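What follows draws every value from the coordinates through simple rules; no lab data is involved. As the structure is a computational prediction, the values presented were derived from the model and not from experiment. Note that we place each Cβ from the backbone using ideal geometry, even for glycine, and neighbour counts take in every protein chain shown.
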Amino acid sequence: MQSFEYASPTTLQEALSLLSTQWGEVDILAGGTDLLALMKDYIHTPKRVVNIKGIKELGGIQQTSAGLRIGAIVTIRELLENELVQKEYPALIQAARGIRGMQLRNMGTIGGDLCQRPRCWYFRNGFGLLALKDGKSLIPDGENRYHAIFPQGQAYFVSASSFGPPLIALGARVKLASTGGTRELPVEQFFVAPQREGEREIALKPNEILTEILVPPAKGVRNATYEIRPDEGVNWPLVTASVALRMEGNRVASARIVMGHVGPTPVQAVKAAAWLKGKQITEAVAEEAGRRAVEGAKPLSQNGYKVQLAQVAVKRALLAAVAK
Amino acid sequence: MAEYRWPPVNQRRVIGRPVNRVDGLVKVTGRATYSSDVRRPGMLYAALLTCPYAHARVRSIDVSEAERSPGVRAVQVLAPAGTEINWAGADVAMVAAETEEQARDAVRKIKVDYEVLPHLVKEFDLSRAQAMNRAKPSGEAVTGDPDQALKEADVVFEGEYTIPVITHSCLQPHGQVVAWGEKEIEFFANTQAVSTVGADLAKALEVPAEIVHVQQHSVGGAYGSKFQAESWAAAAARLSKAAGGRPVWFHLDRRTELEVAGCRPSYRARIKIGAKKDGTITVWDSQSWATGGFTGGGLSANLLPFVFVKIPNKRFNHTAVSVNTAPARAWRAPNFPQVAFLTCAALEDLAAQMKMDPLELFLKNVQYTDRPEVYAWQLKKAAELIEWQKKWHPRGQGEKGPVKTGLGIGIGTWGGLGHAAQCRTRIHPDGTVEIELGSQDLGTGTRTVICQVAAESLGLRVGDIRLKIGDNRYPVAGASGGSTTVGGVSAATRRSTLNALDELFKRVAPSLGVSPDQLEAVDGRIRVKGDPSKSLSWKEACQKIGNSPIEAMGANDPKSPGGLISGGVGGVQMAEVRVDTETGQVRLNKLVIVQDCGMIINPKTAESQCYGAATMSICAALMEERIMDQLTGRFINAAYDFYRIASIMDVGEIVVHLDNRPEHDARGVIGLGEPPVVPTIAAISNAVANAIGVRVPEVPITPDRVLAALARRKA
């Protein structure tokens, strides 16, 4: 780990003033479960680390007229134990349960989950996020069993976020603050696929802090997350799917289907979701939706199995959403 | 002359009891010290620079900036200009500084100019291996007439199976603290060879062996990877010398630990088996490939077929492939888990082709093993414990829904004869009993069983024994490898303690008015045989010793075991798995382990050995795999996010049945560290095939491979 200056501000304004306009100069520390590993491996070598865990206004979960406000430094454990979340947002609870390590749940934050860096092993071994060699990605001819089946350009890594897919399904927004003010983005716009080495996979700017997440009310919205895991341990899922269904009686009025770990951003299955409109979720309908969700997938040499996993994850998430 | 034989079962008071580990409390409270916990006055910390290329030549190396870096006290170049490097992660230079952070910062300032050379890191890319002259046939071994037997066989099955390289994944990475002082080299080691690792370091440093003083309390796993002193210990010692004798702490980081400090050879085999209609195997013909890293991957003939060694017609053909990765190290039962998988998978596939119950096929062929009765009994016992009769179904004919269950068989063997070991017992006039051996406890329970043997022999309790191990100034004991420790230390301790007791009897006899041979030590007293009223407490008896303590040696010589120890065990495991055929996920429901190991000193630590061993092989069956990337030459998953090992949730229910029937007990002590690791992969792979109706030919059995196998069956 390279030596760095450490700051632990207690107000958002102070924290914002410590940031830089250049990526790589300053890193924001919340739970640290990803950042510390990145720093130990010299993947991140910030000159300054700004701890935001001491900023009270970034914490807490509150019910507001516009839905749920979740502070960026709310831990996975706080989220899991929160009754408001438990009541209306099973998709979030199920995603949180997929984070298996007790230490990760105690330390890791929801904001950190959205901002964490991808797990691509080329990236983590120092070959860069796009793993470019002579302008071409190593990944299509390399070891790609865990990589994207919905790549975007040269971006073959997969977004590691557990909460990105359910938050997008639920229509959530993130609030980003800088010294110049705040802005809001739908979560689906928070994730981006970089096309040049050095670009980030999120829309956050280096001088911004993700302060809170706003989740619309989900009364009457059937929602669920289904993860397909290689094992039961502290590990990354192979594929996930989150769904949110606004129901009219037992028929779907509108739907959102979002798949995780299949592309450099969470991937929305827009056509499959539209196809669900007016339908009752039966085993056959869920299965067909799964099939439609993976249409257009472009698997690599070793990850064709993820197409089937994504299809099954969508099916099972849909069935879980309407089960009871 | 003492009678060293173990007491009859009904007279044992400490041996055979499930005694808690004597070092359990210090371990669970974090007070046990490992080499990485050692802190010495003036200690420096070292960091290692390794090569990022799988094959390269060092053109030049410049350490001047590192030498000027803050806190740096010494720098050692380990790969000078001109060195050819044959694997990524190989040593290049080491730096010692006041803090670990300073050492790591300094290492990054070393400038190395490499000439990058072509590499091969994938051993099953055979055409490339041949083109690069990296595939070396190690000859053919033929018994009988395999070609004729194949022609005459009623049934011939042919299959191909693959098992990858895995690493040792010791919880505690390799490393040590070493201080090169004026008179001696203090070596706080992390080893499975306390009595020999000092001489090993001395040789590397070209100093007399006697000046290296090895000390060790606990080790965080070794599994065969921690016998040598290692280049890192020698480099750290030289840094210590250069820094005026200040102790130097060095341990590998996790990535390097995975890359270079542990490697179990892979195997791929094409196997043909011929059999009669009744399932009797008549012929085995196999062609195999393996790598053990840069030094290749030899496999001695007669390991295939495994266990069923007396099949009358056999052909064995093996090719060792050299790849640009660090060399193999002995991994718990070297080669046996792999060949058990290859053999048992082929046998169950043959059974499936013949529409025969594999249990019946195994029973039919135990005649070809060295111990037919033992295997037949163990197969039946395991079948009973996993409810084979009730639960087994023909391959692929289980449940209707997407989740299928299945059963499978694995079979094993191992040696485990105790190594040469010496023990010194002192009985002090105050009644204290001190036992010394230059042995080590790798977490296996060695300390506990030594105390049990001593307590049994002296008529004392486990807590009365002051045991000292982990120092090369104690009597020489063998390295802990090959499951040789428990036999070695228990026999040596038995002899040493009884020799000391003989001497105590001589000193005490006059005051009890009997001859020494009329005395016995029972329940903390020295008493007259047949007349318990005439006795002295242990403490009273020891007061008769005089000023100098009694000291007696005892040795184990594996060539004359004297009925205390022997070698050679069987072992059968059966697994029940469930497989989600939509996702390819496999989960272990239950694993039954039936294992003989001679006389059992401590059933609790013996069972723990089985749990630990099986857990390692559950990882190998379902999760663990070193993934080499041919593009970059790197071990691309050398971190615990994608080098997957089991959590408690993945292990399932493990049922251990220690086969200690009287005929096994009568064989004396036999090592148990390795035997139970051998059959597990085979049992799990076979259970998956039984569940889903098709063989997943490669382990670990991951979702991608399960789905691919299912797709091939459909096609």
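Listed values, structure above:
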read-out	value
Straight-distance crosslink candidates among lysines, where the alpha carbon sits under 20 Å from B:Lys272 and sequence neighbours closer than 8 are dropped	B:Lys151, B:Lys310, B:Lys314, B:Lys355, B:Lys364
Average beta carbon contacts from partner chains per residue of B:639-650, 10 Å cutoff	5
Burial ordering of B:Arg329, B:Arg578, fewest other beta-carbon atoms within 10 Å first	B:Arg578, B:Arg329
A:Thr10-B:Asn133 pseudo-label distance in nm [points 7 Å out on the Cα-to-Cβ vector]	7.2 nm
Pairwise label distance in nanometres, B:Lys111 with A:Ala284, each label 7 Å out on the Cα-Cβ vector	7.3 nm
Overall Cα dimensions of the protein assembly as shown, principal axis frame, Å, largest first	99, 76, 63
Per-residue Cβ neighbour rank within 10 angstrom, fewest leading, A:Leu58, B:Leu150, A:Leu80	A:Leu80, B:Leu150, A:Leu58
Antiparallel content of DSSP bridges confined to the protein assembly as shown, in %, to 5	80 percent
Net charge contributed by nearby residues that have their C-beta within less than 10 Å of B:Val19 (K/R +1, D/E -1)	+4
Segments B:685-692, A:277-284, B:459-466 sorted - mean Cβ within 10 Å per residue, highest first	B:685-692, B:459-466, A:277-284
Mean Kyte hydropathy of 0.0 or more with a Cα span along the axis of at least 24 Å, helices from DSSP in chain A	A:305-322
Segment A:Glu83-A:Ala66, length gained on full extension (0.36 nm per residue, minus Cα span)	4.4 nm
Theoretical gain in end-to-end length, B:Lys380 to B:Ala715 [0.36 nm per residue, Cα-Cα removed]	116.9 nm
Convex hull (Cα only) mean projected area of region B:463-557, reported in nm² to one decimal	7.5 nm²
Computed lengthening from B:Arg39 to B:Lys468, 0.36 nm per intervening residue step minus Cα-Cα distance	152.3 nm
Inter-chain shielding of A:218-231 (mean C-beta neighbours from other protein chains, 10 Å cut-off)	3
³J(HN,Hα) computed for each position of region A:157-165 - Karplus, 6.51 cos²θ - 1.76 cosθ + 1.60, integer Hz, glycine/proline x	6, 10, 4, 8, 5, 7, 9, x, x
Cβ crowding within 10 Å averaged over residues, with B:273-285, A:311-323 ranked highest first	A:311-323, B:273-285
Karplus 3J(HN,Hα) series, Hz, for region B:629-635 with 6.51 cos²θ - 1.76 cosθ + 1.60 (x for Gly, Pro)	9, 5, 5, 9, x, 9, 6
Cβ-based charge dipole, chain B, positive-most Cα from B:Thr493, B:Phe635, B:Ser535	B:Ser535
Between region B:556-634 and region B:181-206, the alpha-carbon center distance in angstrom	32 Å
Label-to-label distance, nm, for residues given as A:Gln195 and B:Leu126 (7 Å Cα→Cβ offset)	4.6 nm
Positive-end extreme of charge dipole, the protein assembly as shown - chosen from B:Ile684, B:Thr167, B:Ser560 (charges on Cβ)	B:Ile684
Nonlocal amide H pairs with B:Val155, under 5 Å, H built at 1.01 Å	B:Ala275
Pair-distance profile P(r), taking every C-alpha pair of region B:45-103, with 5 angstrom steps and integer %	5, 21, 27, 21, 15, 10, 2
Sites A:Lys271 and B:Arg17, calculated FRET efficiency, Cβ-Cβ separation with R0 60 Å, nearest 0.05	0.30
For region A:99-214, the spread of Cα positions along each principal axis, largest first, Å	41, 36, 25
Sorted largest first, extent of region A:175-268 alpha carbons per principal axis (Å)	47, 34, 25
Chain B: antiparallel DSSP beta bridges as a percent of all, rounded to 5	75 percent
Whole-Hz couplings from phi, Karplus 6.51/-1.76/1.60, listed for region B:698-704; x for Gly and Pro	10, 9, x, 8, 9, x, 4
Sparsely packed trypsin sites (Lys or Arg not before Pro) within region A:1-74, loop by DSSP, other Cβ within 10 Å at most 14	A:Lys47
Euclidean distance of C-alpha centroids, region B:16-71 and region B:356-409, integer Å	46 Å
Of A:Lys53/A:Lys324; A:Lys133/B:Lys122; B:Lys226/B:Lys604; A:Lys324/B:Lys404, pairs whose Cα-Cα distance is over 31 Å	A:Lys53/A:Lys324
Whichever lysines have a C-alpha closer than 22 Å to that of B:Lys183, once near sequence neighbours (fewer than 8 apart) are set aside	B:Lys203, B:Lys241
Debye, to nearest 20: dipole size of the protein assembly as shown, +1 on Lys, Arg Cβ, -1 on Asp, Glu Cβ	1620 debye
Per-residue [θ]222 nm for the protein assembly as shown (sum of -39500 (n - 2.57) over DSSP H runs n ≥ 4, rounded to 500)	-8000 deg cm²/dmol
Calculated on alpha-carbon atoms, Rg and Dmax of chain B in Å	27.7, 89
Sites A:Ser17 and B:Glu206 - FRET efficiency at Förster radius 45 Å, r taken between beta-carbons, to 0.05	0.15
Under-5 Å amide H pairs with B:Lys534, H placed in peptide plane, nonlocal only	B:Val528
Formal net charge of residues neighbouring B:Asp704 (Cβ-Cβ distance under 9 Å; K, R +1; D, E -1)	+3
Equivalent-ellipsoid semi-axes of region B:642-687, from the Cα gyration tensor, Å, largest first	28, 12, 11
Sequence-distant residues sharing a close amide H with B:Trp414 (under 5 Å, placed H)	B:Val569
Efficiency of FRET from Cβ geometry, B:Asp370 and B:Ala141, R₀ 22 Å, rounded to 0.05	0.75
